[in-house]
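Below: one structure, written as structure tokens.
Any read-out appearing in this document is the output of simple, stated calculations on the displayed coordinates, not a laboratory observation. These figures come from a predicted structure and were not determined experimentally. Here Cβ is always computed from backbone atoms with ideal geometry, including for glycine, and neighbour counts include all displayed protein chains.
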Amino acid sequence: MTTQNSPHVRRRQRGRPKSDEFARPLKDLLIDATVEAVSAGGTTDTSARQVADAVGVQPASINYNFGSWNDLIAQAALRAYRSYSERIWAAALSAPATPEERLTAFLRAQLAWAEEESGWAAFFNFPKSAQTASDILFGRFGEQMRQGFELNYGRLYRLVRDVQEGVVTADPEWAEKTGRDAILADTKMLTEAIVVSWTSLGMQIWGSRHQVEQLGGDHLRDYNARAQNLAIEKIISGLQA
């Protein structure tokens, strides 16, 4: 889907938009367009003009509504991170009800997101690639990002613990209901979850590269798939052991 083809977006003549000109608030349209543009091209190759053109407004509308282009990137990043969190957790919950399948689905959803949303994967994993926007994100929305980060780790912690214990936690909101202190107190299991997360992160970073054809083509693609399968198998068998 591209923002230009979205049913919520219609082209307009140049000039400051009227408040009732769009079916949705202009700020939301600009955030959505930025989420899509950065996802495909990263922050370096995405411009304010590109986003403004996608919505059908002047680039000045970005400054008028957000203060700056980097402020818009920061708000788009918050929305992108929330979408990422929802996506990977939905994948875990829709998997077959075994601890191994749920953890596998969670990890594979992370990999798929990094491949499909590689621009945002670069932004979150390498914040210095867009330092100003990253600083604004954590300066203005730091608490919301911290809560989202801890929620994702709480969910991963529970999935990892389920595999080790051979159970499936029935309550999908377990992480939200469990205090952070209780999770932090389980040092050994939380450390296991962090190691799993680091392994997944390495696969995400490699999977988000788009030079597969230049680096090896089908051979590299095949070895990547095998390595991902082996890494997940080793994660599962290590936890079961």
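Does the range 139-241 come out rounded, prolate or oblate, given a ≥ b ≥ c as the square roots of the eigenvalues of its C-alpha gyration tensor, rounded meaning a/c under 1.5 and, failing that, prolate meaning a/b above b/c?
Here the range 139-241 falls in the oblate category.
Kindly provide the helix-only [θ] at 222 nm of the chain, computed as the sum of -39,500 (n - 2.57) over DSSP H runs of four or more divided by all residues, to the nearest 500 deg cm²/dmol?
Taking each H run of at least 4 residues, the total per residue is -24000 deg cm²/dmol.
Shape call for the range 30-78 from the C-alpha gyration tensor, a ≥ b ≥ c root eigenvalues: rounded (a/c under 1.5), prolate (a/b greater than b/c) or oblate? Don't skip to the end; give the middle numbers.
Values: a/c = 1.67, a/b = 1.22, b/c = 1.37.
Note, shape of the range 30-78 comes out oblate.
So if each residue of separation counts as 0.36 nm, and I subtract the Cα-Cα distance between S85 and A227, what length gain in nm does that give?
Contour length minus the Cα-Cα distance gives 48.7 nm.
Would you mind ranking K177, K234 by Cβ crowding within 10 Å, fewest neighbours first?
Listed from fewest to most nearby Cβ atoms, that is K177, K234.
How would S85, S39 line up from fewest to most surrounding beta-carbon atoms within 10 angstrom?
S85, S39
Given points 7 Å out from each Cα along the Cα-Cβ axis, report the A170 to W198 separation in nanometres with one decimal.
3.7
Rounded, prolate or oblate for the chain? Axes are the square roots of the Cα gyration tensor eigenvalues, ordered a ≥ b ≥ c, and the cut-off for rounded is a/c under 1.5.
In terms of gyration-tensor shape, prolate.
Could you calculate the FRET efficiency of I205 with F149 from 1/(1 + (r/R0)^6), where r is the beta carbon distance between them and R0 is 22 Å, rounded to 0.05?
Approximately 0.80, to the nearest 0.05.
Put +1 on the Cβ of every Lys and Arg and -1 on every Asp and Glu Cβ in the chain; which of A74, L159, A54 then has its Cα farthest towards the positive end of the dipole?
Farthest along the dipole direction, towards plus: A54.
Which value, in debye to the nearest 20, gives the size of the charge dipole of the chain about its Cα centre, when Lys and Arg are +1 and Asp and Glu are -1 at the Cβ?
Dipole of the chain, to the nearest 20 debye: 740 debye.
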